[in-house]
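The values are calculated or read from the model by the stated rules, or taken from the named source; none is laboratory data. Note that the structure is a prediction, hence the values are computed from the model and not measured. Here Cβ is always computed from backbone atoms with ideal geometry, including for glycine, and neighbour counts include all displayed protein chains. Note: areas computed on protein heavy atoms with side chains; ligands, DNA, RNA excluded. Shrake-Rupley method; radii C 1.70, N 1.55, O 1.52, S 1.80 Å.
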Amino acid sequence: MAIDIERLVPKLANVSGGLTGPANRPIAVYMVRQVVKAVRIPVIGVGGILDYRDALEFLIAGARAIQVGTANFVHPATAVRIIDGLERFCRDHNLSRIEEIIGTLREG
């Protein structure tokens, strides 16, 4: 929550809002991993994704898709950069499809 100290009202129409960004990503990746282990439906990774490496963390943890939010406001071409990076990663690691990396986290 954020308050307009001059008008004495919440700054956000919903009164409160979410928290995301790079500092939140490790928690979000962990939660994706926990949810993937608990359910049998596709999980979407969200939170602090700025580049293809961040996206890969979610995919390796088991997310079937990712969502890019705030980074798009800073760099409108973020999604294109992420896709390009994922394609490079696949080529460099001899993966024919990005799906081959999903859920490959080695625990232990």
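Here residue 32 meets the list (1) in contact with a strand residue (DSSP E or B) (Cβ under 7 Å, 6 or more places away or on another chain); (2) hydrophobic (A, V, I, L, M, F, W, C); (3) farther than 20 Å from residue 71 by Cβ almost entirely, failing just condition (3). Figure legend. Inter-residue proximity from segment 41-60: first residues closer than 11 Å to residue 101 by Cα, second residues among the hydroxyl-bearing types (Ser, Thr, Tyr) and open to solvent by 10 Å² or more (accessible area, probe 1.4 Å), beta-carbon distance below 7 Å, spacing 6+ or different chains. Indicated pairs: 60/104.
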